[in-house]
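What follows is one structure encoded as structure tokens, with my remarks underneath.
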Amino acid sequence: MKIVILDSETVSRGGDVSLDGIASQGECEVYGYTPNDSVAEKIGDADAVICNKCLITEEVFEKCPNLKYVGLFATGYNNVDLDAASKHGAVVCNVPAYSTDSVAQHTFALILNHFNKIREYADTVDNGDWVNYKLFTYFYIPTYELKGMTIGIIGYGDIGRRVAEIAAVFGMNVLAYTRSPEKVSGAAKAVPLDELLEKSDVVTMHCPLNDGTREMINKDALSKMKKTAYFVNTARGGVMNEQDLADALNNGVIAGAGIDVLTLEPMREDCPLRNAKNCTITPHIAWAPKQTRERLLETVAENLRKWAAGTPQNVVNK
């Protein structure tokens, strides 16, 4: 079996996690990065391709007739034309739920950074304010307890549920908006989207990107939120309208935002959120702790092994 890995640098830098579980299953070519206009060329006559964000289109399948397996270094699969894959007899497999804990952790890192003003206070210390202060403490930047606040979770899959569990430990009230409200249980309460937006002190996105969620956080949605509300997106950039969010931040419609994903990645120079007020942006790292990537690669290798044995798992184009 001939295997091509198109973008190994998206999961392993300097060999900090091993690709051997994949590479040992056949003749394997590994590319650290592949631009989309070179995808078909790199795949060539391979039987299987493994990638993260490279576009696997109808044209790629037409140019690579041997390609019968697409393995993803990800849960999301919007970079693969599933209809084209099925048409050409190819199986597409993702890795569900591998990053649940890390994304939930990063979500709260952004939330705590905002309400505890970690970055702002660290900057004052670096600037010498504490060295030059007469008292043992200063607290001129207001901080806030999460207990008693309301968090609104949009999307209630594995990550959304884990965020709800953590929020409950902090003593937060939990609201959830989902297409399957019957699955909301425990401390969380299923509510309509408008109610969630109006009542939440924190609104956090944990839904997939599809036609129903694309730019659901827009000018209208933001106008329904509290002026003191904090918006978090660790899902997909496309679920928010970046210009509308930047305008809301710059005009005080909401208090702040913590963003880990953008519509176009890497960030473009003209991204409207780049210099928006009270906006903390991290470079799509919520999923990336070493332990998380090790878990991801174990499943990617197992997906390939199962497909080669004729018993594919985690198939997304059934």
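Data for the structure
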| item | result |
| --- | --- |
| Taking Val80, Val203 and counting other C-beta atoms within 10 Å, the order from fewest to most | Val80, Val203 |
| Whole-Hz couplings from phi, Karplus 6.51/-1.76/1.60, listed for the range 83-97; x for Gly and Pro | 5, 5, 4, 5, 4, 8, x, 9, 9, 10, 10, 10, 10, x, 6 |
| Spatially proximal lysines relative to Lys189 (Cα-Cα < 21 Å; intrachain offsets below 8 disregarded) | Lys147, Lys199, Lys224, Lys226 |
| Straight-distance crosslink candidates among aspartates and glutamates, where the alpha carbon sits under 15 Å from Lys219 and sequence neighbours closer than 8 are dropped | Asp194, Glu198, Glu242, Asp244, Asp247 |
| Under-5 Å amide H pairs with Tyr69, H placed in peptide plane, nonlocal only | Val49, Val91 |
| Whole-Hz ³J(HN,Hα) from phi, Karplus 6.51 cos²θ - 1.76 cosθ + 1.60, for the range 30-45, glycine and proline x | 10, 10, x, 8, 9, x, 4, 6, 10, 4, 4, 4, 5, 5, x, 9 |
| Leading residue at positive end of dipole, the chain (Cβ point charges), from Val49, Val92, Met240 | Met240 |
| Degrees separating the helix 100-116 axis from the principal Cα axis of the chain, which is the longest one | 20 |
| Relative contact order [Cα under 8 Å, 6+ residues apart], the chain, whole percent | 17 |
| Burial ordering of Tyr31, Tyr138, fewest other beta-carbon atoms within 10 Å first | Tyr138, Tyr31 |
| Residue (of Ala188, Ala109, Gly152) at the positive-pole extreme of the range 100-281, dipole from beta-carbon charges | Ala188 |
| Sorted by Cβ neighbour density within 10 Å, fewest at the top, the residues Thr150, Thr178 | Thr150, Thr178 |
| The range 1-154 - convex hull of the alpha-carbon atoms, volume per residue in Å³ | 173 |
| Calculated from backbone phi, Karplus (6.51, -1.76, 1.60) coupling profile of the range 175-180 in Hz, x at Gly/Pro | 10, 9, 10, 8, 6, 10 |
| Net charge over other residues, Cβ less than 15 angstrom from the Cβ of Thr107 (K, R count +1; D, E count -1) | -2 |
| Over the range 100-281 - Rg/Rh using Cα atoms and the Kirkwood inverse-distance radius | 0.99 |
| Proximal lysines to Lys2, defined as alpha-carbon separation beneath 28 angstrom and excluding residues fewer than eight positions away on the same chain | Lys42, Lys53, Lys63, Lys68, Lys87, Lys290, Lys306, Lys318 |
| Correct choice for P(r) over Cα pairs in 20 Å bins from 0, in percent that was computed from the model, options [x] 34, 61, 4; [y] 30, 52, 18, 1; [z] 36, 56, 8 | [y] |
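Laboratory data are not the source of any read-out in this text; all were calculated from the coordinates shown. Small disclaimer: the values here were computed from a predicted structure and weren't measured. Virtual Cβ from ideal backbone geometry, glycine too; neighbours counted across all protein chains shown.
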